[in-house]
Amino acid sequence: MKITEIRARVVEWRGKTVPPHPHFCTNPVDLLDLGGDAMAGFRFHGWLIVEIFTDNGHVGVGNAALAPRVAKQIIDVYLTPLLIGKDPFDTEFLWQLMYRKTMAFGRKGSGMVAISAVDIAIWDLLGKMTKQPVFRLLGGRTKNRIPVYASRLYSQPLDQLAEEAKSYKQQGYSAMKMRFGWGPLDGAAGMQKNIELVRVLREVIGYDIDLMADAYMGWNLDYARRMIPLLEPYGLRWLEEAVIPDDIGGLAELKAMGRIPIASGEHEFTLYGFRELLDAKAVDYIQFDTNRVGGISQARKIAALAEAHSIPVVPHAGQMHNYHLVMASLNSPMAEFFPPVDVEVGNELFWYIFEGEPKPTNGYLDLSENVAGLGLTIDESALKDFAVIE
Ligand SMILES: [Mg+2]
C-alpha cells in the first residue's frame, strides 16, 4: 500500500472568545513589560489538521497546534513530496527521511511540529489498517484506566478560583493544576499574590488531592529560586516551566534544591532534546507533547529513555496522540486533561474540531479496544465556525 495524498488544513476560530482576567497566566513576554494583554501572543486560535490518504482507501488523521500556518507550509512544500508513493508501515524510515531532509531548518520548533502531525497521521493509518487502537501497536494496556488531572485554574479572583477547584474536586479528580499570575517584574507583592492562589487552592482541596503549578516560562532562575521556599509548605506535586526551555542549567539548579519536584518539556523537541534534559538531571517529570516532539515515532523513544532514567512522563495536553502513549507506558502515571470550555486560550479548541476525544469519569478516562487507530474524526460540520485555510 502507498500514500497517495496528504491534505493539510489550518482552521482558525471565528466565533466568540472569552477575554482573559488580568494576570491570568505568566508567560515569557512578561519580562519585556509591554503592558496590555501580554498573553495575547500565547493564545492560539488556529489548529493544523493533517489527513493522509492511501491507495487502499484509508485515511489517517493527525493534528498539531503550534504556529499552524507555518507548519502547514512545511508539510505542503517539504514533507508531502517526500511521502507520496511511500509505504506508511515504514514509520521509522519515513520519520528519518522527514527529519534528515529538513535538518537544516527543522530540528526544533515549527519544523518538528509539522513532522509530528504527519507522523501522528501515519500511526492513525497503521491502526486503521490493522484494525487496532494505536495503543495496542505500542505495547498495549499497562493500566485499566488513565488517571487524568484537571488542567486550568488560571489566575483569577480568589473566590472564582476556589469555585473552579471545588468543581474539579466534586467531579472526582485526584489531581489538578493551577497557573501563576505574577512574575519577576511584579516584585515581592506579586510573589505574595502567587502564594495566595496556592493557599486558597489548598484550603479548598486539602492535601489528599495533588496540586501542580505552572509558570509557563514566565519566571527566571532568580525569581524561581526565591519562590520555591515560599511554595514549599503547600506540597506541590510539581512546579512546571519555572524558567524558559533553553535554560536547562536553570532547571537543573531548581531540581537540585530538592524542595519541589521540577517539571518541563512541553517546549522541547526530539529524543536529543530530552537526552539533554535527562543528562543534566534537569527534571523530575517529563512533559513532552506528542504533536511537538516528533510524533508517536519519537515520543515512544523519549518515553523509553525517560523510563531508563526513572523519570515519569506526564505528557503536555490531553488528546488522543498522548493518551495512547500513556496507556502503553507503565512509566506514565497519568495524563493532562483540558476541560471543554468556551474558547479562551486555544487549548480547548480541539473539542470544537474533533469527535471521539474521551471525557473522564471520577478523574479517569479509558480508551476503547474496539476503535481502530487513534479514534479521532474531524467534525466537518463544526468547521463552519472556523476559517479554513486549504
Ligand atoms: Mg504547561
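The values are calculated or read from the model by the stated rules, or taken from the named source; none is laboratory data. Source: prediction; values computed, not measured. Neighbour counts are summed over all protein chains in view; Cβ atoms, including those assigned to glycine, are modelled from backbone coordinates with ideal geometry.
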Checked the stretch 236-289 for anything under 15 Å from the mean Cα position of the chain (by Cα) and of a type in the set (Val, Ile, Thr); matches are THR270, ILE286
Within the stretch 112-151, the residues that are surrounded by fewer than 16 Cβ atoms within 10 Å (Cβ to Cβ) and either within 16 Å of the ligand (Cβ to nearest atom) or among the β-branched types (Val, Ile, Thr) (or both) are THR130, THR142
- Message: Looking at the structure I just gave you, is ILE209 assigned by TED's automatic domain parsing to the domain that holds HIS316, more than 23 Å from VAL345 (Cα to Cα) and crowded, with 16+ Cβ neighbours inside 10 Å?
- Response: yes
*Evaluate the stretch 161-182: report whether one residue or more is of a type in the set (D, E, K, R), surrounded by fewer than 19 Cβ atoms within 10 Å (Cβ to Cβ) and without any contact (Cβ under 8 Å) to a residue 12 or more places away in the chain.*
yes
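With the stretch 198-298 as the region, which helices (runs of 4 or more DSSP H) entirely inside it contain at least 1 residues that are away from the ligand (no atom under 14 Å from the Cβ) and of a type in the set (D, E, K, R)?
221-231, 248-257, 270-279
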Within the stretch 333-358, the residues that are under 22 Å from GLY139 (Cα atoms) and within 16 Å of the ligand (Cβ to nearest atom) are MET334, ALA335, GLU336
Margin query: Condition check: closer than 18 Å to GLY46 by Cα and either in contact with a Cys (Cβ under 8 Å, 6 or more places away or on another chain) or surrounded by 14 or more Cβ atoms within 10 Å (Cβ to Cβ) (or both). Does ALA335 satisfy that?
Written below: no
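Rundown of residues vs (1) assigned by TED's automatic domain parsing to the domain that holds PRO339; (2) among the aliphatic types (A, V, I, L, M); (3) out of contact with any helix residue (DSSP H, G or I) (no Cβ under 7 Å at 6 or more places or on another chain); (4) over 26 Å from ASP90 (Cβ atoms), yes/no style:
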site	(1), (2), (3), (4)
ILE122	no, yes, no, no
VAL148	yes, yes, yes, yes
SER151	yes, no, yes, yes
LEU161	yes, yes, no, yes
GLU164	yes, no, yes, yes
GLY172	yes, no, yes, yes
With respect to TYR154, is the statement that it is touching a Pro at 6+ places or on another chain (Cβ under 9 Å), more than 16 Å from the ligand (Cβ to nearest atom) and either closer than 22 Å to PRO339 by Cα or touching a residue at least 24 places away in the same chain (Cβ under 8 Å) (or both) true? no
